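**Q** I'd like to ask some things about the structure below.
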Amino acid sequence: MHSWQLIFYVSCGLVFYNYAGYAIIVYILNKITGSRQLAEDDPAFRPTVAFIVAAYNEEDVIKQKIVNSLEQNYPKDKIEFLFVTDGSSDRTAEYITQSPGIRLLHRPERGGKAAALNRAVSETRQDIVIASDANTLLNRDAVKNIVRHYRSEKTGGVAGEKKVLSTTGAEDVGAGEGLYWKYESALKKLDADFYSVVGAAGELFSLRRTLYEDLPHNVILDDFVLSLRVTQKGYCIRYEPEAYAMELPSFSMKDEQKRKVRIAAGGFQSIGMLAPLFAFWKYPRLTFLYVSHRVLRWTLSPLCLILAFIANAFLLTAGPLYIALFTAQAGFYGVALIAFLSPAIRNKYKLAKLSYYFTFMNVSVVLGFFRFLRGRQSGTWEKARRSLAPSTGD
């Protein structure tokens, strides 16, 4: 009985720590130390920028992306736009050639996003590299708000904000994804105020060009690996919520699962690539954030959820407390199952949304782990479909 109690409490403790406990600790430490990232805009500080977009068969969205990019509120003589369309077989490259102010890089063979970034960075000599996905739209001051952080020599990169737009339709994928990204944004702010963001999102991130290291072409989470390699050199990744990328959610939960499983497989690959970050004596604060926020999320947390449920089942005869806790767990997963079977319920009730997306994410991590073991995920992949029209409601 004592063994099951130990498994139960350790499992619950690790899950709580990963999703909330470490954030509470960081919040308290930030309050005690007064840690806070500040970056005021200086009109005299306008370093040169290479704005890079990797676009593979994006003819449906590329025209809007071009217009949005060229509307950035930043001196035109200080920003270079490079769009890479390697392997595209639709009209993406053709539309870009029709757009003055955009430099097209195109090869007939497809090498993946990492290869596209490597080539684009090698083709530019600008001070700051900003990468943005083709299917996202940025606020007009995004570049300016990112750049202001580079006045500090400690800043090696800047992570932008991701906003998931709501959509119409029976299967409101964006609701769960939007809740998740609001939670992630809160954690990024805490991490950045404490020391550094641990992994930027590919929708919008930047770094000093001199800190860029060519990526292996098979890397899955290029943005994550790039940003943490910068921190290994002693620099910090700042967080800028006023530079945001707006993105439509996946077309369906099946498409969203494809994306999440790929990300999870990439997470396990990244842990191997970033093994030096486990040297806590060398990177004390960074290792603490990296393990607490990222590594546990991809490794022990999903396993602990399973172990907590199994251990609780064996403890049902140990008293009313364990009966209540098992009932709570079973109820939570029961609501997730109902939400899975009924999108209407999932869209209507926040608890159903929350329980479903939380369970869905952790199942995706498990599936991603097995995909990683099989080595079936490459640097190129079939992109997930996106919803077509944002909701007109408030």
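The values are calculated or read from the model by the stated rules, or taken from the named source; none is laboratory data. All of these numbers come straight from a predicted model, not from anything done at the bench. As a convention, Cβ positions derive from the backbone with ideal geometry for all residues, glycine included, and neighbour counts pool all protein chains shown. Side chains included, ligands, DNA and RNA excluded: accessible areas come from the protein's heavy atoms. Shrake-Rupley method; radii C 1.70, N 1.55, O 1.52, S 1.80 Å.
**Q** For the range 262-280, indicate whether the set of residues that are open to solvent by 10 Å² or more (accessible area, probe 1.4 Å) and under 30 Å from D41 (Cβ atoms) is non-empty.
**A** no
**Q** Is it the case that I237 is touching a residue at least 60 places away in the same chain (Cβ under 8 Å), open to solvent by less than 30 Å² (accessible area, probe 1.4 Å), in contact with a helix residue (DSSP H, G or I) (Cβ under 9 Å, 6 or more places away or on another chain) and assigned to a loop (DSSP other than H, G, I, E, B)?
**A** Values: touching a residue at least 60 places away in the same chain (Cβ under 8 Å): yes; open to solvent by less than 30 Å² (accessible area, probe 1.4 Å): yes; in contact with a helix residue (DSSP H, G or I) (Cβ under 9 Å, 6 or more places away or on another chain): yes; assigned to a loop (DSSP other than H, G, I, E, B): no.
No: the conditions fail for I237.
**Q** Something else about it: Considering only the range 316-371, how many residues are open to solvent by less than 60 Å² (accessible area, probe 1.4 Å), outside any helix (DSSP H, G or I) and more than 28 Å from L6 (Cα to Cα)?
**A** Looking only at that region, the number is 1.
**Q** If you scan the range 184-219, which residues turn out to be assigned to a helix (DSSP H, G or I) and out of contact with any helix residue (DSSP H, G or I) (no Cβ under 7 Å at 6 or more places or on another chain)? Steps first, please.
**A** As a first pass, look at the range 184-219 and keep what is assigned to a helix (DSSP H, G or I): 184-194, 209-211.
Residues satisfying the conditions are E184, S185, A186, K188, K189, A192, T210.
**Q** Sticking with this structure for a sec: Please tell me if L29 is in contact with a Ser or Thr (Cβ under 8 Å, 6 or more places away or on another chain), over 30 Å from E153 (Cα atoms), in a helix (DSSP H, G or I) and not β-branched (V, I, T).
**A** Working: in contact with a Ser or Thr (Cβ under 8 Å, 6 or more places away or on another chain): yes; over 30 Å from E153 (Cα atoms): no; in a helix (DSSP H, G or I): yes; not β-branched (V, I, T): yes.
No, not satisfied.
**Q** Need a quick list: helices (runs of 4 or more DSSP H) entirely within the range 73-183 having at least 3 residues that are in contact with a helix residue (DSSP H, G or I) (Cβ under 9 Å, 6 or more places away or on another chain) and within 22 Å of N57 (Cα to Cα).
**A** Values: elements: 92-97, 113-122, 142-147.
So the answer is 92-97, 113-122.
**Q** Within the range 101-155, how many residues turn out to be over 16 Å from V49 (Cβ atoms), surrounded by fewer than 16 Cβ atoms within 10 Å (Cβ to Cβ) and either small (G, A, S) or touching a Leu at 6+ places or on another chain (Cβ under 9 Å) (or both)?
**A** 2
**Q** I would also like to ask the following. Could you please find all residues in the range 61-88 being open to solvent by 70 Å² or more (accessible area, probe 1.4 Å) and out of contact with any Lys or Arg (no Cβ under 9 Å at 6 or more places or on another chain)?
**A** Within the range 61-88, K63, Q64, V67, K76, D77 meet the criteria.
**Q** Being small (G, A, S) and surrounded by fewer than 13 Cβ atoms within 10 Å (Cβ to Cβ) is the filter here; which residues of the range 1-54 pass it? Break it down stepwise before answering.
**A** First, pick out the residues of the range 1-54 that are small (G, A, S): 3, 11, 13, 20-21, 23, 34-35, 39, 44, 50, 54.
S3, A20, G34, A44 - these are the residues of the range 1-54 that are small (G, A, S) and surrounded by fewer than 13 Cβ atoms within 10 Å (Cβ to Cβ).
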